[in-house]
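Q: Here's a structure for you.
Throughout, read-outs are computed from the coordinates displayed, never taken from laboratory work. Every value quoted in this text rests on a predicted model; they were computed, and no experiment measured them. Because the Cβ atoms are built from the backbone with ideal geometry, glycine has one as well, and the counts that use them run over all protein chains shown.
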Amino acid sequence: MRLVRDAGAADFPALAEIFHAAVRIGAKTAYSDAQRAAWCPDVPEGARWAKRLAGLDILVAETGGKIVGFMAMDRESGLVDLSYVHPDHMRQGHADALYAVLEGRARAGGRRRLTTEASLLAEPFFARHGWALVARQQVERAGVLIPNARMEKSLSSAAVDLAAS
């Protein structure tokens with residue numbers, strides 16, 4: 001049974017492990033070894049990881065009491081900043097469940113638009129959920145260029161479309 005819930009500080013080490021595994025193992029088909037190593041060289045920890053997560057609304061997906069994925073949105077900007085599922089649990093609907101709750105909360109909070117910088121692996125997921133490509137870009141990490149896609153989703157027009165049907 002899957003549970004989606006809010007993350008707390010006690011969950012941060014598990015989120016770091018998932019982030020590292022998702023980048024280093026899960027993204028293997030989309031990025032080179034050098035790109036993945038630059039993106040996440042080690043499991044993030046401590047105050048630096050806590051600072052990275054500060055200001056985010058973070059949801060976790062649990063199965064059997066174990067956190068298997070997480071998704072986070074910046075409270076101020078509506079940027080979906082982190083979206084990762086452990087490679088052992090990918091393609092099992094965890095990201096869909098997390099996203100449904102995240103978008104529902106964004107709508108309930110009156111947010112009109114969400115943005116993200118989606119990895120090449122995550123881009124099809126967001127497109128399937130109605131997101132539009134804004135631009136392709138490359139971010140630099142440790143001197144290595146890592147391609148991704150800036151994407152956005154208008155929540156106000158989707159709400160109008162639902163009301164019209």
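Q: Given the DSSP H assignment, sum -39500 (n - 2.57) over each helix run of at least 4 residues in the chain and divide by its residue total; what's the result at 222 nm in deg cm²/dmol, nearest 500?
A: -9500 deg cm²/dmol
Q: Another question, then. Taking loop as defined by DSSP and a crowding limit of 13 other beta carbons within 10 Å, which trypsin sites (Lys or Arg not before Pro) in the range 1-40 fit?
A: Counting only loop positions with at most 13 other Cβ atoms within 10 Å, the trypsin sites (Lys or Arg not before Pro) in the range 1-40 are K28.
Q: What order do you get for V101, V139 when you list them from fewest to most C-beta neighbours inside 10 Å?
A: V139, V101
Q: Where does each of M151, M90, M73 land when they are ranked from fewest to most other beta-carbon atoms within 10 angstrom?
A: M90, M151, M73
Q: Continuing with this model, one more query. Using per-residue counts of other Cβ atoms within 10 Å, averaged over each peptide, order 124-131, 77-84 from highest down.
A: Highest-to-lowest ranking by the protection proxy: 77-84, 124-131.
Q: Relative contact order for the chain: what percent, with Cα pairs under 8 Å and sequence separation of 6 or more?
A: Value for the chain: 21 percent.
Q: Here is a further query. Restricting attention to the range 44-148, which GluC sites (Glu not before Pro) occupy a DSSP loop and are surrounded by at most 16 other Cβ atoms within 10 Å? Let's see the in-between values first.
A: On the way: sites: E45, E62, E76, E103, E117, E140; in loops: E45, E76.
Passing sites in the range 44-148 are E45, E76.
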